[in-house]
Each structure stands twice: as structure tokens, then as C-alpha cells.
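The values are calculated or read from the model by the stated rules, or taken from the named source; none is laboratory data. Since we're looking at a predicted model, the values are computed, not measured. Cβ atoms come from the backbone with ideal geometry, glycine included; neighbour counts cover every protein chain shown. What goes into the accessible areas is simple: the full protein's heavy atoms, side chains included, and nothing from ligands, DNA or RNA. Shrake-Rupley method; radii C 1.70, N 1.55, O 1.52, S 1.80 Å.
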Amino acid sequence: MNIVLTGSLGNIGKPLTKLLVARGHQVTLISSKTERKAEIEKLDAVPAFGTIQDVQFLTKTFQGADTVYLMEAWEGIGSIFDKDIDFLKEFKNIAANYVQAIQNSGVKNIIHLSSVGAHSEQGTGSLLVHHNVENILRTLPESFSIKFLRPVGFFSNIYRWMPMIKSQAAIIQSYGGSIKEPWVSPQDIATTIADEMEKPFVGRTVQYVASDEVSPDEIADALGKAIGNTDLQWKTIPAEELRNQMLSAGVNDWIANGMIAMQKAQADGSLYQDFYLNKPKLGVIKLNDFAKEFAEVYNQ
């Protein structure tokens, strides 16, 4: 098949490209960074340089594709430390661009990377952007088939805590404890997408993606053992204290408030209500696998 991927060489895009090329598909990889040309071509993929904010570029790139894979990266919109960005608005704009480019290009099969929490318009904090994007994509005529994939929290996001772990020997959030929640490896997401590319597209479907179910305490324990710090703990602080810390660090107000609301939904389980009603088969990458990978980066 002729497949177009957004997401460049990110945590999902790179392994997904490798999988699809290995299976004999022709892959065009959209990237905004021309310096990645050699790396993309080394994967036997075709680079297409432009942005997902450019409808004409998307339309041209989508033409002739059997399937397109769509995602929205926060980094592709701007820094979470930029106080002036309206992330809700920007996500909606990208979704509208996708709708226009899909209709103009005629590509009929779409896989969209959404998120856990997209099932609801309230109580999910910053994950509301994914609910909005799904709804905008659903305005496409029924002749366009869409597979919505909703991964849970990425193991790779834990890397953001590395400075905190190094400086404070702790993971500090506004929730914690021994209640398990689902996590996912980008590799398992890539495998799921590659598999779904080769299955029939019929109407609109929703599928959750997860790799393991572990508690905050178990994460701290696994990471601590892997990096040689068995005293590592997951500590909780009041939500307002965490919010004030983020705002003091210069985080965008909407992002900071959204993070607090999302963690509240994680703590009370409401974020995962629809996930557990439609629980998928778990992937192959487990917490201990990620902990080994984390330790290698931590000790570099």
C-alpha cells in the first residue's frame, strides 16, 4: 500500500515506519525538519517536508495514498511555556486542516491517533483537545472510514521526570499510591497501527491501546531498582501546590490547569472509565522493560 504518516521520526513515527517498510509498504513521512531527509531516506521512506498547518501541502501529500495516519503533536504547535498559545484553538485548526485535505485529496482510509479521555468533553483536563479533534474528524462524510486509536499514558513521558528524579530523588505529582492504571509503550502503539493498516476499514471504530497496568508506587519501585536508587519514591503534594509550581516555572496557564484536572481524573479513575468498558489486549512491553531502557538513558 501507499501510506502517508504524520508525526515525523517521533516515538511512534520511527518504529511505525520501520514496521511498514519491512512489510513491503511504500511510506511517505511528513516532517517539518528538512535536516531529517537523510535519516528518513535511510529508513527507505519518502520524506515530505511541510507542516500540518498547511492545507495545500497536506492535500498534495495525501493524493494517491491508500491510507493516512494522522496525529497532533503538542511540540508541533509550540512550547508549553508559551503563555500566548491557545492550544484548544490550535488543535481544532489542525483537525479542520485534516478534514479539508482528506476531502480534497480523496484518500478514504484514515487512522487517527487520539487519546484516552477522548470519550468525554469534561473532567479530562488538557486531554479535551483529543475529544474535539475526534468530533471534527467525524464530520467527514460516511464514505471516509476512520479508525480512532486511543492510547493511554506513554511510558516515554516518564523521561520528563528525569530531572526531578535526579535533583530530588522522587517523583512528585498531585496523585499517587497503589491503585493500578494503564500505561503504553510507543512501540506497542506502532505495532497496533501497522496491524490496523492491513485490516479492513469499515465506518468509524474506536480502539484503546495499552501495554501494562501498574501503580505509581510500582513505577517508583521499578525505576528505583533499575537506576540503583531503591529509596526512590512517588510523592504526592496538594494539587494547588503543583499548579503553583508549574505556573512559577512559566507553564502556559491552560496547560497547568489541564494537567491538574487530568491528574484528578487519574486519581479517581474517571479517566479510565471508558477504557475499562472497552479494555484491549495488552501489548508486549511491560514496566520492567521500560525501566531498563530508562536506566540506560539515566546513566548516560
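Ordering Q273, G258, V284 by the projection of their Cα atoms onto the charge dipole of segment 250-289, which places +1 on the Cβ of Lys and Arg and -1 on the Cβ of Asp and Glu, puts V284 at the extreme positive end. Between S167 and S120, the modelled label-to-label distance comes to 3.2 nm, taking each label 7 Å out from Cα in the direction of the beta carbon.
Within a straight-line Cα-Cα reach of under 13 Å, K180 can be paired with the following aspartates and glutamates, leaving aside sequence neighbours fewer than 8 residues apart in one chain: D212, E213, D217, E218, D268. Is the C-alpha gyration tensor of segment 222-300 telling us rounded, prolate or oblate? Criteria: a/c under 1.5 is rounded; beyond that, a/b larger than b/c is prolate, otherwise oblate. Taking the square roots of the gyration eigenvalues as a ≥ b ≥ c, segment 222-300 is oblate. Straight-line cross-link reach from K83 at under 20 Å between alpha-carbon atoms covers these lysines, not counting any fewer than eight positions away in the same chain: K92. Reported to the nearest whole Å, the Cα centre-to-centre distance from segment 13-39 to segment 124-169 is 21. Relative to the longest principal axis of the Cα atoms of the chain, the long axis of helix 128-137 lies at roughly 10 degrees.
Within straight-line reach of K18, meaning a Cα separation under 29 Å, sit the following lysines at least 8 residues removed in sequence or on another chain: K33, K37, K42, K60, K108, K147, K199, K279, K281, K286, K292. Computed from backbone phi with θ = phi - 60° and the Karplus coefficients 6.51, -1.76 and 1.60, the 3J(HN,Hα) list for segment 76-89 is x, 9, x, 6, 5, 9, 8, 5, 8, 7, 9, 5, 4, 5 Hz; x is used for glycine and proline. Under the shape rule built on the C-alpha gyration tensor, where the axes satisfy a ≥ b ≥ c, the chain is prolate, since a/c reaches at least 1.5 and a/b is greater than b/c.
Accessible surface calculations at 1.4 Å, restricted to protein heavy atoms, place the chain at 46 Å² per residue. Think of the chain as having a plus end and a minus end, set by charges on the Cβ of Lys, Arg, Asp and Glu; of A210, L5, A22, A22 sits farthest toward the positive end of this dipole.
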